[in-house]
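For reference, the structure is listed below as structure tokens.
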Amino acid sequence: MRKLAKLWQLPAAALLLLFAAAIRTLPFATVSRLPWPAPARRRDSPAARDRILRAVRTAAPYLPAANCLPQALAARALRRAHGAPANLRLGVTKTATGQLQAHARLECQGRIVLGGFSALRRYTALADLEP
């Protein structure tokens, strides 16, 4: 069973790397509309949703530049491929030194599934990208 669980991390790691590279080389409007993977025709399952989020969270610390935005984009793409669309929410805040800081989170049916709850109040909504 452990080997099967590790297999879930491969697509997550690949998408994290791909999105991290795409964010640095392409305009965000292009990255956010990338068509892969295609939506699934099968029904969503809670077990698949949990495995996807766990795979993204597990792979992210080992990959360069896999901050909140590539994580949210990868999880969104994997969830879409398994028939569980989610909304990408982007927000900004100003730090104590006056710099802008951005954050991405993923929501499904109004519930935050990736991106943390603690930062929610600090960020002002900038964009909501539907599935």
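The values are calculated or read from the model by the stated rules, or taken from the named source; none is laboratory data. What you see is a predicted model; the values in this text were computed from it and never measured. All Cβ positions, glycine included, derive from the backbone under ideal geometry; neighbour counts span all protein chains shown.
General observations
- Enumeration of residues in the stretch 58-92 that are of a type in the set (Val, Ile, Thr) and surrounded by 15 or more Cβ atoms within 10 Å (Cβ to Cβ): Thr58
- Inter-residue pairs, beta-carbon under 8 Å, first within 17 Å of Asn87 (Cα to Cα) and in the stretch 21-34, second β-branched (Val, Ile, Thr), 6+ apart: Val31/Ile23
- For the stretch 93-122, a residue qualifies if it is modelled with pLDDT under 85 and either of a type in the set (D, E, K, R) or on the phi < 0 side of the Ramachandran plot (or both), and the qualifying residues are Phe117, Ser118, Ala119, Leu120, Arg121, Arg122.
- Residue count, the stretch 1-51 (criterion: farther than 19 Å from Glu107 by Cα, of a type in the set (D, E, K, R) and at pLDDT 80 or above): 1
- At least 3 residues being in contact with a helix residue (DSSP H, G or I) (Cβ under 7 Å, 6 or more places away or on another chain) and without any contact (Cβ under 8 Å) to a residue 60 or more places away in the chain is the threshold, and among the strands (runs of 3 or more DSSP E) wholly inside the stretch 68-131 those reaching it are 100-108.
- Among (1) surrounded by 12 or more Cβ atoms within 10 Å (Cβ to Cβ); (2) among the charged types (D, E, K, R); (3) modelled with pLDDT of 85 or more; (4) over 18 Å from Leu10 (Cβ atoms), the one test that Arg54 misses: (4)
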